[in-house]
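Structure, as structure tokens:
The values are calculated or read from the model by the stated rules, or taken from the named source; none is laboratory data. This structure is a prediction, so every number in the text was calculated from the model and none was measured. Note that we place each Cβ from the backbone using ideal geometry, even for glycine, and neighbour counts take in every protein chain shown.
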Amino acid sequence: MEFRALALSLVLAVGWSSTTLAADPAPAGITVTDAWSRATPPSATTAAIYFTITDTGAPDSLVSVSTPAAASATAHQSQMVNGMMQMRPVDAVPVDSHAPVKFAPNGYHVMLEGLKQPLKAGDHFPVTLNFTHAGAVTTTVTVQALGAAPPMAGMDMGHMGHM
């Protein structure tokens, strides 16, 4: 009788914990890939960073950016308005699991101002993206040649950042 009670208790405990585990959602995750920038002329004080953000969890927002390579780093968006390309800072960039958010020329990008030194092809530097829910995600930016075209998606641009 004791054996049956123990067996029943064990079955109930395993069944309860399986139900509990199945009900817990997977942790949210932000991944940043393909981070790159172009080399700058020696006297340049500004540059732009491009990358792709993928969200495997709940909706989130990119709310700030920092890097030791520049005095300031802010998210911007370039867009065509009345036939003219305009660039404006944005307070937040929404990110959800429906589609990756691409930071690319003529779209979203991170504007670096007050470069500490010129960016040279082949150099690498860290950038930290801060999200409302995921927190800080740091990745490595690879500097491409001056005038370089955007790299193809999925190419190894240095270290991949993730939560």
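Annotations for the structure displayed:
- Residue among Ile49, Ile53, Ile30 that is at pLDDT below 95 and surrounded by 11 or more Cβ atoms within 10 Å (Cβ to Cβ): Ile30
- At least 1 residues being more than 24 Å from Ala149 (Cα to Cα) is the threshold, and among the strands (runs of 3 or more DSSP E) wholly inside segment 28-128 those reaching it are 30-38, 46-55, 60-66, 70-81, 93-95.
- Test for Met85: is it surrounded by fewer than 13 Cβ atoms within 10 Å (Cβ to Cβ) and at negative phi: yes
- Contacts under 8 angstrom Cβ, first residue in segment 140-162 being farther than 19 Å from Asn130 by Cα, partner at pLDDT below 75 and of a type outside the set (A, V, I, L, M, F, W, C), 6 or more apart: Thr142/Gly158; Gln144/Pro151; Met157/Pro151
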